[in-house]
1. Report the accessible area of Glu62, computed with a 1.4 Å probe over the heavy atoms of all protein chains in place, in Å² rounded to the nearest 10.
2. Lysines near Lys333 by alpha-carbon distance under 17 Å, same-chain residues fewer than 8 away left out - which ones?
3. List the lysines whose alpha-carbon lies under 23 Å from that of Lys208, not counting same-chain residues fewer than 8 positions away?
4. Helix 199-208 versus the longest principal axis of the chain: what angle, 0 to 90°, nearest 10, using Cα atoms?
5. Using a 1.4 Å probe and counting only protein heavy atoms, arrange Thr48, Thr71 so the residue with the most accessible area comes first.
6. If you roll a 1.4 angstrom probe over the protein chains with everything in place, what fraction of the accessible area of segment 182-272 belongs to carbon and sulfur, to the nearest %?
7. Pick out, in residue order, every one of the GluC sites (Glu not before Pro) in segment 1-61 that is DSSP loop and has at most 13 other C-beta atoms within 10 Å; say none if there are none.
8. Give the residue from Ala284, Asn90, Trp187 lying farthest towards the positive end of the charge dipole for the chain; charges sit on Cβ (+1 for Lys and Arg, -1 for Asp and Glu) and the dipole is referred to the Cα centre.
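The values are calculated or read from the model by the stated rules, or taken from the named source; none is laboratory data. Keep in mind it's a predicted model, so treat the numbers as computed, not measured. Neighbour counts run over all protein chains shown; Cβ positions are idealised from the backbone, glycine included. These accessible areas exclude ligands, DNA and RNA; they are computed on the full protein's heavy atoms, side chains included. Shrake-Rupley method; radii C 1.70, N 1.55, O 1.52, S 1.80 Å.
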Amino acid sequence: MNEHFQPRLPPGQQLAAPNKWPLIGERGPRPSSDPWTLTISGLVDLPTTFSLDQLYELPQTERVLDIHCVTRWSQYDMRFSGVLLSDLLNSVGVSTEARFISFVSRSTRNHSSSLDLNDALSFDTLIALDFNGQPLPVEHGGPIRNIVPGRYFYKSVKWLEAIELLSIDRLGFWEAESGYHNHADPWQEERYMAPAIDRRLAAELIAKRDFSGLDLRSIDCSLRELPGLNARGSALRDANFRDANLANSDFSEANLSNAHFQGANLQGAKFVGTDLEGANMSGANLCGVDLTGAFLTGTTFGESGKLPQIDSTTIIPENILAPLTPDQLQLVKDLLASLA
Ligand SMILES: Nc1nc2c(c(=O)[nH]1)N[C@H]1C(S)=C(S)[C@@H](COP(=O)(O)O)O[C@H]1N2
Ligand SMILES: [Mo]
């Protein structure tokens, strides 16, 4: 094998179905009757507002690239075109003190994301206007979004309306709210920052078996005895429940994206309305588990030959399965069929 061989799929990612582009996060921009514009301000020589027409009149560049979502799905060969960030920045002149660049969305929650300016430029960041030769669909960030190759897709902001050049970094929405890693390199699996929760607090909560309503991102509960855990409405992104005993636990409405349940005993546990995007349940005991209304984009049920255990009391409604990757969908269908 060529010693420079690099696989195309970053570690921990799964390929989405051909031509499928999942919808993640906000579904639409902040309602406004203002025409779409893109304003570049901050540490620039000539703060400028471009109309959509003006953006289309600038030289258009096409890029075919792979996108990688932090919730573990990837898609190859996405064909975007628009204006190169470097071309836009050259036209306004960047001050020498600028170190960071913040991309700001027309969003009801003031969504934004930032990058080191040198990274943004070295990646050939694109201000995308078109996808597959058509205007970018609104739900995917049309009419204007930035596309950052080489970073998890949360760095690519939908409904882009402002770019600010900064001397000091400003954390974006997901980076501040969800603990998503600010560097976001999929090849290093930089999904989350270090957890904010201290060990003593974690130990107390584990002893009480009550996580309800709390944000305990990346908490380590591997191998723990936690039967009957109350985790209703909690935020447990990236939590580690490998090989834990969670029989009859209640995770209703919890955010469990990228949580690790490999080998866990989940008998009788409730996952009603949970966000399981990117979560992994391979080898878990799912007898009597209720997955009604769960979100399964990028969820893993089995890997490396390790299947979960299910029985006739396991509730996996057909209508939640569509977001699974083709391999995982087949695996779940085979499991369900083996019961019949
Ligand atoms: N304005 C805005 N931009 C956003 C988000 C969002 O919620 N709002 N989500 C981010 C995340 S986490 C991802 S994975 C991608 C999803 O883009 P898509 O819905 O077009 O697949 O958009 C990113 N940009
Ligand atoms: Mo994402």
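1. Rounded to the nearest 10, the figure is 100 Å².
2. Lys306
3. Lys270
4. Result, in degrees: 40.
5. Largest accessible area first, the list is Thr48, Thr71.
6. Exposed carbon and sulfur together represent 43 percent of the surface.
7. Within segment 1-61, the qualifying GluC sites (Glu not before Pro) (loop, at most 13 other Cβ atoms within 10 Å) are Glu3.
8. Ala284
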